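What follows draws every value from the coordinates through simple rules; no lab data is involved. Small disclaimer: the values here were computed from a predicted structure and weren't measured. Cβ atoms come from the backbone with ideal geometry, glycine included; neighbour counts cover every protein chain shown.
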Amino acid sequence: MRKILFESILKGPLTEAAPGPEDVELAAYAAQVDHAARARLGRSLSIREIDAGSCNGCELEINALSNAFYDLERFGLRFVASPRHADVLLITGPVAKNMNEALLRTYQATPAPKWVVAAGCCALDGGVFSGGYACAGGVSALVPVDLYIPGCPPTPTALLKGLIALMQ
C-alpha cells in the first residue's frame, strides 16, 4: 500500500490542468461570441439536446461541456429543458424509427429562428447502425440540418467549436 501511495505522490494527478482564469485570449473570444449571440438573438443561445437513438457516447461528451474545464456558459451558451425555449436543437445518434414522430414534434415546437446541429457520425448518416431494421438514417432524413459536427463521439472541444461557429 505504501508503494502505491508514494507512486501517486511522485507522479501527480493524471488529469489535464484546467485553463487559468487570467487567459486574456480566451476571455476576448468569449466576449466576441457573447456579442455575436446578443446581436443575433438579443440574448444568449439556448440549446436543447435530443438523443434520437444513440449509444450515449455523444451525450457523455455533451455533458462534459457543462463541467468546470469547458464551462459552456462563459461563451453565452446554455442547455434548456424544453424545445419551446431553445434556439438550437443538438441532435445525436441515428434516428430510430420509433423516434421519428418525437423528433418532428420537437422540431415543430422550437420557435423560429432555429438551428439544427447534428453531432456525431451516427447523426450524419446512421453510422454503424445504418441499414438496421430500427434505423431511419441520419438526422437530415427528417429535419433540415444547419451544421454537422463529426466524430465518434465528437470531443467536447469539437462540439464547442461547432456551436461557436454556428454563432458566427
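Beta bridges assigned by DSSP with both partners in the stretch 44-166 are antiparallel in approximately 5 percent of cases.
Evaluate the stretch 44-166: find the radius of gyration of its Cα atoms, find its Kirkwood radius, and give the ratio Rg to Rh.
Details: Rg = 13.3 Å, Rh = 14.1 Å.
Value, to two decimals: 0.95.
Rounded to the nearest whole Hz, the Karplus-based 3J(HN,Hα) values (6.51 cos²θ - 1.76 cosθ + 1.60, θ = phi - 60°) of the stretch 53-59 follow the sequence x, 7, 8, 6, x, 5, 5, with x at glycine and proline.
What the phi angles of the stretch 155-168 give under the Karplus curve with 6.51, -1.76 and 1.60, with θ = phi - 60°, is a coupling list of 5, x, 5, 5, 5, 5, 5, x, 5, 5, 5, 4, 6, 9 Hz, glycine and proline written as x. Residues 78, 105, ranked from the fewest to the most other C-beta atoms within 10 Å, line up as 105, 78.
Scanning residues 5 or more positions from residue 115 or on other chains, those with amide H under 5 Å from its amide H are 88, 89, with H placed 1.01 Å from N in the peptide plane. A simple spin-label model places pseudo-atoms 7 Å from Cα toward Cβ; at residue 73 and residue 105 they are separated by 3.0 nm.
On a full-extension model of 0.36 nm per residue, what is the gain between residue 152 and residue 98, subtracting their alpha-carbon distance, rounded to one decimal in nm? Each step should come with its number before you reach the end.
Numbers: separation 54, 0.36 × 54 = 19.44 nm, distance 2.26 nm.
That pair, residue 152 and residue 98, stretches by 17.2 nm at full extension.
Taking amide H atoms as placed 1.01 Å from N in the peptide plane, the amide H of residue 50 lies under 5 Å from those of 90, 91, 92, each 5 or more residues away in sequence or on another chain.
Arranged from fewest to most other beta-carbon atoms within 10 Å of their beta carbon, 69, 75, 6 become 6, 69, 75.
For an R0 of 41 angstrom, estimate the FRET efficiency from the Cβ-Cβ distance between residue 4 and residue 63 and round to the nearest 0.05. Present the calculation step by step, with values, prior to reporting the outcome.
On the way: r = 30 Å, r/R0 = 0.74.
So, using R0 = 41 Å, E works out to roughly 0.85.
Which of 84, 2, 74 comes first, and how do the rest follow, when ranked by fewest Cβ neighbours within 10 Å? Please list the in-between numbers first.
Numbers: 84 11, 2 6, 74 15.
Listed from fewest to most nearby Cβ atoms, that is 2, 84, 74.
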